[in-house]
Amino acid sequence: MSAGKEVEVLDFLGIPLWEHRGDGRVPETSGRSQDRAETPLDPGVPPPVTELGWEDLARRVAGCELCGLCRTRQQTVFGAGSRPADWMFIGEAPGADEDREGQPFVGRAGQLLTSMIEAMGLERPKVYIANVLKCRPPKNRDPEPGEIASCRPFLERQVELVAPRILVALGRIAAQSLLGTEQPISRLRGTVHTLGGKIPVIVTYHPAYLLRNPVAKREVWRDLCLALDQAGS
């Protein structure tokens, strides 16, 4: 990112200029496995989630009735973006706007996430965005452990298919779910974690939190710079 561009995006976010290493670019990928051929669905014995390609996985999510959220949702929110992608952003669960439109991060928090992504020198269509849950919890309450467990195979398969070089966990619940921990977000931020011992994971605040606490944008920018440094290393 050029110096002029960085000043521009930081000014837009309302935070001072922070110096960071790296230019935000991720090395060109080569040789990574692409989406597997779609697995024919056997009406008698559905294949496991671990064997599903993108289209079959989306259908499985759309028809999911593994938890009670299937009775209150308008529609499932699968995910959106590039397949595969070097960057993957994972949030908590759909909100009212996402439940209505069937796409992740389309409300005010989604607009802020787009600004965050662009401030990093990335483009939203070229990253992949998903949530821990594929259905909206009633009144946007926190996801319950059983709901997270029911959705986890779907998210794990998405991560496998996207094959990201780096993951950004947006918020406490996303971070704790991905990393299998109960540590508070204050202890998870500022450290490079790994998923499965392979994929770097950076933890930061959820954009919805920033809407309520805009002063935290400075801390989020620090987290995003850490992600950029890790991606460029």
Next on the checklist: Against the definition (surrounded by fewer than 19 Cβ atoms within 10 Å (Cβ to Cβ), within 15 Å of the chain's Cα centre (by Cα) and within 21 Å of K217 (Cα to Cα)), how does E123 come out, yes or no?
Outcome noted: yes
Checklist entry - Quick one: which of G53, G63, G22 is among the small types (G, A, S), over 21 Å from the mean Cα position of the chain (by Cα) and at pLDDT 95 or above? => result G63
Item to check | Yes/no for R83 being crowded, with 24+ Cβ neighbours inside 10 Å, more than 13 Å from the chain's Cα centre (by Cα), outside any helix (DSSP H, G or I) and basic (K, R) | outcome: no
Checklist entry - Only one of these conditions is not met by R136: (1) crowded, with 17+ Cβ neighbours inside 10 Å; (2) part of a loop (DSSP other than H, G, I, E, B); (3) free of Cβ contacts under 8 Å to residues at least 40 places away in the same chain. Which number is it? => result (3)
Checklist entry - So how many residues does the range 149-197 have that are in contact (Cβ under 8 Å) with a residue 24 or more places away in the chain, among the β-branched types (V, I, T), in contact with a Pro (Cβ under 8 Å, 6 or more places away or on another chain) and assigned to a strand (DSSP E or B)? => result 1
Item to check | Residues of the range 147-171 that turn out to be within 20 Å of T204 (Cα to Cα), surrounded by 20 or more Cβ atoms within 10 Å (Cβ to Cβ) and not β-branched (V, I, T), as a count | outcome: 6
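Listed here are the residues, each with its yes/no results for (1) under 23 Å from N213 (Cα atoms); (2) surrounded by 21 or more Cβ atoms within 10 Å (Cβ to Cβ).
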position: E98; (1), (2): yes, yes
position: Q111; (1), (2): yes, no
position: I129; (1), (2): yes, yes
position: R141; (1), (2): yes, no
position: P145; (1), (2): no, no
Item to check | Considering residues of the range 68-80 that are among the aliphatic types (A, V, I, L, M) and buried (at least 21 other Cβ atoms within 10 Å of the Cβ) only, the residue farthest from T204 (Cα to Cα) | outcome: L69
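The values are calculated or read from the model by the stated rules, or taken from the named source; none is laboratory data. None of these values were measured; they are calculated from a predicted model. A quick note on method: Cβ atoms are made from the backbone with ideal geometry, for glycine too, and the neighbour counts reach across all protein chains shown.
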